[in-house]
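First the structure, in the form of C-alpha cells, and then the observations on it.
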Amino acid sequence: RPAVLANTSAPILDWPEKTSSVGQNESVLIVEDNADLQQYLKEQLEPYYQVLLAGNGEEGWAMAHEQMPDLILSDMMM
C-alpha cells in the first residue's frame, strides 16, 4: 500500500538546482501519444535532462533500443 503524505507544506518533488552540469548525460525517453501531455512533460524535464520523444509505443520501442535512455516515461497502455 503506498504511503500518503498529509498536512505537509514540503514539495513532493525536490528538483535539483538548474545548473549546466545537472542532467548533462542523463536522458529521458517520453513515450506519449497525447501531444499536449508530451509537450508539458518535455517542458518540465528539459531543463534537467536530455529529452527524447516518441509518439507511440512502436516508435518508443525502436528509440529505446537505438538511444538506450536512462529512463523511459510512458503510460501503462502504451
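Residues in the stretch 62-78 that are exposed (fewer than 14 other Cβ atoms within 10 Å of the Cβ) and either part of a loop (DSSP other than H, G, I, E, B) or free of Cβ contacts under 8 Å to residues at least 40 places away in the same chain (or both): 62, 65, 66, 68, 70, 75, 76, 77.
For the stretch 40-59, give me each residue that is assigned to a loop (DSSP other than H, G, I, E, B) and within 11 Å of residue 28 (Cβ to Cβ). Passing the criteria: 46, 48, 49. Could you tell me how many of the residues in the stretch 36-53 are open to solvent by 70 Å² or more (accessible area, probe 1.4 Å) and over 20 Å from residue 65 (Cα atoms)? So the count comes out to 7.
The values are calculated or read from the model by the stated rules, or taken from the named source; none is laboratory data. Everything numeric here is computed off the predicted structure, so don't read it as measured data. As a convention, Cβ positions derive from the backbone with ideal geometry for all residues, glycine included, and neighbour counts pool all protein chains shown. These area figures cover heavy atoms from the full protein model, side chains too; ligands, DNA and RNA do not enter into them. Shrake-Rupley method; radii C 1.70, N 1.55, O 1.52, S 1.80 Å.
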